[in-house]
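Q: For reference, the structure I am asking about is given below.
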Amino acid sequence: FKLDGFQAEAVSCLEKSESVLVSAHTSAGKTVVAEYAIAMALRDKQRLIYTSPIKALSNQKYRDLQDEFKDVGLMTGDVTINPNATCMIMTTEILRSMLYRGSEVCREMAWVVFDEIHYMRDRDRGVVWEEAIILLPDSVRLVFLSATIPNSREFAEWICRIKHQPCHMIYTEKRPVPLQHYLFPAGGDGVYMVVDEK
(Lines give C-alpha, C1' and ligand atoms only; values in the text may rest on other atoms or scores of the structure.)
Protein backbone atom coordinates (compact mmCIF):
# COMPACT_ATOMS: atom_id res chain seq x y z
CA PHE A 1 0.00 0.00 0.00
CA LYS A 2 1.03 3.61 -0.48
CA LEU A 3 2.10 5.51 2.63
CA ASP A 4 0.30 8.72 3.57
CA GLY A 5 2.46 11.83 3.56
CA PHE A 6 3.02 11.90 7.32
CA GLN A 7 3.90 8.18 7.33
CA ALA A 8 6.43 8.65 4.51
CA GLU A 9 7.98 11.60 6.36
CA ALA A 10 8.29 9.55 9.56
CA VAL A 11 9.77 6.55 7.73
CA SER A 12 12.35 8.83 6.10
CA CYS A 13 13.43 10.02 9.57
CA LEU A 14 13.60 6.45 10.89
CA GLU A 15 15.80 5.40 7.96
CA LYS A 16 18.22 8.16 9.02
CA SER A 17 18.14 6.77 12.60
CA GLU A 18 16.38 9.87 13.87
CA SER A 19 13.67 10.00 16.51
CA VAL A 20 10.09 11.01 15.69
CA LEU A 21 6.97 12.21 17.46
CA VAL A 22 3.94 11.25 15.38
CA SER A 23 0.75 13.09 16.28
CA ALA A 24 -2.26 11.95 14.29
CA HIS A 25 -5.94 11.27 14.86
CA THR A 26 -7.16 7.84 15.91
CA SER A 27 -7.10 5.39 12.98
CA ALA A 28 -4.90 7.71 10.88
CA GLY A 29 -2.11 5.12 10.67
CA LYS A 30 0.38 5.93 13.42
CA THR A 31 0.95 2.22 14.03
CA VAL A 32 2.45 1.88 10.55
CA VAL A 33 5.35 4.04 11.73
CA ALA A 34 5.94 1.79 14.75
CA GLU A 35 5.71 -1.32 12.59
CA TYR A 36 8.29 0.14 10.21
CA ALA A 37 10.64 0.73 13.15
CA ILE A 38 10.13 -2.91 14.20
CA ALA A 39 10.84 -4.13 10.66
CA MET A 40 14.02 -2.01 10.62
CA ALA A 41 15.14 -3.42 13.97
CA LEU A 42 14.61 -6.97 12.70
CA ARG A 43 16.41 -6.15 9.43
CA ASP A 44 19.36 -4.55 11.23
CA LYS A 45 19.43 -7.15 14.04
CA GLN A 46 18.76 -4.50 16.67
CA ARG A 47 16.59 -4.73 19.75
CA LEU A 48 13.40 -2.68 20.01
CA ILE A 49 11.17 -2.10 23.04
CA TYR A 50 7.51 -1.23 22.44
CA THR A 51 5.79 0.33 25.45
CA SER A 52 2.12 0.88 26.11
CA PRO A 53 0.41 2.47 29.11
CA ILE A 54 -1.55 -0.56 30.34
CA LYS A 55 -1.22 -4.35 30.41
CA ALA A 56 -4.33 -4.91 28.30
CA LEU A 57 -2.86 -2.80 25.48
CA SER A 58 0.48 -4.59 25.83
CA ASN A 59 -1.27 -7.95 25.50
CA GLN A 60 -3.26 -6.77 22.48
CA LYS A 61 -0.17 -5.29 20.81
CA TYR A 62 1.73 -8.54 21.44
CA ARG A 63 -0.97 -10.55 19.66
CA ASP A 64 -1.12 -8.08 16.76
CA LEU A 65 2.64 -7.86 16.27
CA GLN A 66 3.32 -11.56 16.76
CA ASP A 67 1.05 -12.32 13.81
CA GLU A 68 3.15 -10.05 11.62
CA PHE A 69 6.72 -10.33 12.93
CA LYS A 70 7.03 -13.60 14.91
CA ASP A 71 10.19 -12.55 16.87
CA VAL A 72 8.12 -10.72 19.49
CA GLY A 73 8.10 -11.05 23.28
CA LEU A 74 5.89 -9.77 26.09
CA MET A 75 6.67 -8.60 29.61
CA THR A 76 3.83 -7.26 31.78
CA GLY A 77 4.67 -8.23 35.34
CA ASP A 78 2.02 -10.95 35.20
CA VAL A 79 3.53 -12.81 32.29
CA THR A 80 6.83 -13.05 30.41
CA ILE A 81 6.89 -14.59 26.94
CA ASN A 82 10.01 -14.91 24.76
CA PRO A 83 12.18 -12.47 26.77
CA ASN A 84 15.06 -12.72 24.26
CA ALA A 85 12.93 -11.53 21.34
CA THR A 86 14.12 -8.74 19.07
CA CYS A 87 10.90 -6.82 19.74
CA MET A 88 9.73 -6.74 23.37
CA ILE A 89 6.31 -5.38 24.29
CA MET A 90 5.89 -4.05 27.84
CA THR A 91 4.29 -1.35 29.93
CA THR A 92 6.28 1.82 30.47
CA GLU A 93 6.55 0.93 34.18
CA ILE A 94 8.33 -2.31 33.29
CA LEU A 95 10.78 -0.41 31.06
CA ARG A 96 11.50 2.10 33.83
CA SER A 97 12.09 -0.71 36.31
CA MET A 98 14.50 -2.39 33.89
CA LEU A 99 16.37 0.89 33.42
CA TYR A 100 16.68 1.32 37.20
CA ARG A 101 18.10 -2.21 37.50
CA GLY A 102 20.50 -1.82 34.59
CA SER A 103 18.92 -4.79 32.80
CA GLU A 104 20.85 -6.47 29.99
CA VAL A 105 17.84 -5.82 27.73
CA CYS A 106 18.30 -2.08 28.21
CA ARG A 107 21.96 -2.24 27.24
CA GLU A 108 21.06 -3.99 23.98
CA MET A 109 18.18 -1.83 22.74
CA ALA A 110 18.49 0.51 19.79
CA TRP A 111 14.87 1.71 19.53
CA VAL A 112 12.01 2.40 21.94
CA VAL A 113 8.43 3.03 20.83
CA PHE A 114 6.27 4.92 23.32
CA ASP A 115 2.65 4.34 22.30
CA GLU A 116 0.10 6.77 23.77
CA ILE A 117 2.87 9.17 24.90
CA HIS A 118 0.21 11.66 26.03
CA TYR A 119 -0.02 9.55 29.21
CA MET A 120 3.07 11.48 30.26
CA ARG A 121 0.66 14.28 31.20
CA ASP A 122 -1.13 12.04 33.70
CA ARG A 123 -0.84 13.56 37.18
CA ASP A 124 -0.18 10.23 38.91
CA ARG A 125 1.67 8.13 36.33
CA GLY A 126 3.24 10.70 34.00
CA VAL A 127 6.51 10.69 35.88
CA VAL A 128 7.05 7.08 34.75
CA TRP A 129 7.31 8.17 31.10
CA GLU A 130 9.51 11.13 31.97
CA GLU A 131 11.92 9.02 34.01
CA ALA A 132 12.08 6.26 31.40
CA ILE A 133 12.91 8.78 28.66
CA ILE A 134 15.55 10.50 30.79
CA LEU A 135 17.16 7.20 31.85
CA LEU A 136 17.45 5.84 28.30
CA PRO A 137 20.93 6.07 26.78
CA ASP A 138 21.29 8.90 24.25
CA SER A 139 22.15 6.31 21.59
CA VAL A 140 18.61 4.88 21.69
CA ARG A 141 16.29 6.23 19.01
CA LEU A 142 12.72 7.02 20.01
CA VAL A 143 9.32 6.74 18.34
CA PHE A 144 6.50 8.57 20.13
CA LEU A 145 2.88 8.00 19.09
CA SER A 146 -0.16 10.01 20.19
CA ALA A 147 -3.53 11.17 18.97
CA THR A 148 -3.92 13.78 21.69
CA ILE A 149 -0.59 15.37 22.66
CA PRO A 150 -1.35 19.11 22.82
CA ASN A 151 2.19 20.44 23.22
CA SER A 152 3.93 18.34 20.59
CA ARG A 153 6.43 20.98 19.48
CA GLU A 154 7.59 21.68 23.04
CA PHE A 155 7.81 17.94 23.71
CA ALA A 156 9.96 17.32 20.61
CA GLU A 157 12.22 20.25 21.57
CA TRP A 158 12.61 18.81 25.09
CA ILE A 159 13.63 15.44 23.61
CA CYS A 160 16.23 17.19 21.42
CA ARG A 161 17.69 18.95 24.47
CA ILE A 162 17.86 16.02 26.87
CA LYS A 163 18.79 13.27 24.38
CA HIS A 164 21.20 15.34 22.26
CA GLN A 165 19.61 14.09 19.04
CA PRO A 166 17.03 15.27 16.52
CA CYS A 167 13.38 14.50 17.23
CA HIS A 168 11.10 15.32 14.32
CA MET A 169 7.54 16.39 15.04
CA ILE A 170 5.26 14.86 12.43
CA TYR A 171 1.63 15.86 12.43
CA THR A 172 -1.39 15.32 10.24
CA GLU A 173 -4.81 16.95 10.34
CA LYS A 174 -6.31 14.10 8.31
CA ARG A 175 -9.13 12.35 10.14
CA PRO A 176 -9.91 9.06 8.38
CA VAL A 177 -12.86 8.35 10.68
CA PRO A 178 -15.26 11.32 10.56
CA LEU A 179 -16.04 12.94 13.90
CA GLN A 180 -19.77 13.19 14.48
CA HIS A 181 -21.75 14.02 17.62
CA TYR A 182 -25.24 12.66 18.23
CA LEU A 183 -27.96 13.50 20.72
CA PHE A 184 -30.03 10.75 22.33
CA PRO A 185 -32.95 12.60 23.96
CA ALA A 186 -34.28 11.10 27.20
CA GLY A 187 -37.72 9.66 26.62
CA GLY A 188 -37.46 10.52 22.96
CA ASP A 189 -37.39 8.33 19.95
CA GLY A 190 -34.49 8.59 17.61
CA VAL A 191 -30.96 9.79 17.31
CA TYR A 192 -30.09 13.27 16.07
CA MET A 193 -26.77 14.40 14.64
CA VAL A 194 -25.83 17.72 16.25
CA VAL A 195 -22.26 18.18 14.96
CA ASP A 196 -20.59 16.63 11.94
CA GLU A 197 -17.02 16.73 10.65
CA LYS A 198 -17.57 20.12 9.01
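Q: Residues to consider are G5, G29; find the one that is at pLDDT below 95 and exposed (fewer than 15 other Cβ atoms within 10 Å of the Cβ).
A: Only one candidate qualifies: G5.
Q: Looking at (1) without any contact (Cβ under 8 Å) to a residue 12 or more places away in the chain; (2) surrounded by 14 or more Cβ atoms within 10 Å (Cβ to Cβ); (3) out of contact with any helix residue (DSSP H, G or I) (no Cβ under 7 Å at 6 or more places or on another chain); (4) not aromatic (F, W, Y), which is the only condition R141 fails?
A: Every listed condition holds for R141 apart from (1).
Q: Quick check on T92: is it in contact (Cβ under 8 Å) with a residue 40 or more places away in the chain and surrounded by fewer than 20 Cβ atoms within 10 Å (Cβ to Cβ)?
A: Here the answer is no, as T92 does not meet what is asked.
Q: If you don't mind, another one. Being of a type outside the set (A, V, I, L, M), free of Cβ contacts under 8 Å to residues at least 24 places away in the same chain, assigned to a strand (DSSP E or B) and surrounded by fewer than 18 Cβ atoms within 10 Å (Cβ to Cβ), is that true of even one residue in the stretch 128-137?
A: no
Q: Aromatic (F, W, Y) and within 26 Å of K2 (Cβ to Cβ) - does that describe any residue in the stretch 87-107?
A: No, there is no match, as no residue in the stretch 87-107 is aromatic (F, W, Y) and within 26 Å of K2 (Cβ to Cβ).
Q: Can I ask one more? When you scan the stretch 157-198, how many residues do you find that are assigned to a loop (DSSP other than H, G, I, E, B) and at pLDDT 80 or above?
A: 3
Q: Let me ask another. Could we say that Q66 is farther than 26 Å from T148 by Cα and in a helix (DSSP H, G or I) here?
A: Yes; evaluated as a whole, the condition is true for this residue.
Q: Next up: When the residues of the stretch 38-49 are narrowed to those that are more than 13 Å from K61 (Cβ to Cβ) and in contact (Cβ under 8 Å) with a residue 12 or more places away in the chain, which ends up surrounded by the fewest Cβ atoms within 10 Å (Cβ to Cβ)?
A: Among those that are more than 13 Å from K61 (Cβ to Cβ) and in contact (Cβ under 8 Å) with a residue 12 or more places away in the chain, it is K45.
Q: Give L21, L57 a once-over and let me know the one that is touching a residue at least 40 places away in the same chain (Cβ under 8 Å), hydrophobic (A, V, I, L, M, F, W, C) and either buried (at least 22 other Cβ atoms within 10 Å of the Cβ) or in a strand (DSSP E or B) (or both).
A: None of the other options fit; the residue is L21.
The values are calculated or read from the model by the stated rules, or taken from the named source; none is laboratory data. Being a predicted model, the structure only gives us computed values, none of them experimental. Note that each Cβ is placed from the backbone with ideal geometry, even for glycine, and that neighbours are counted across all protein chains shown.
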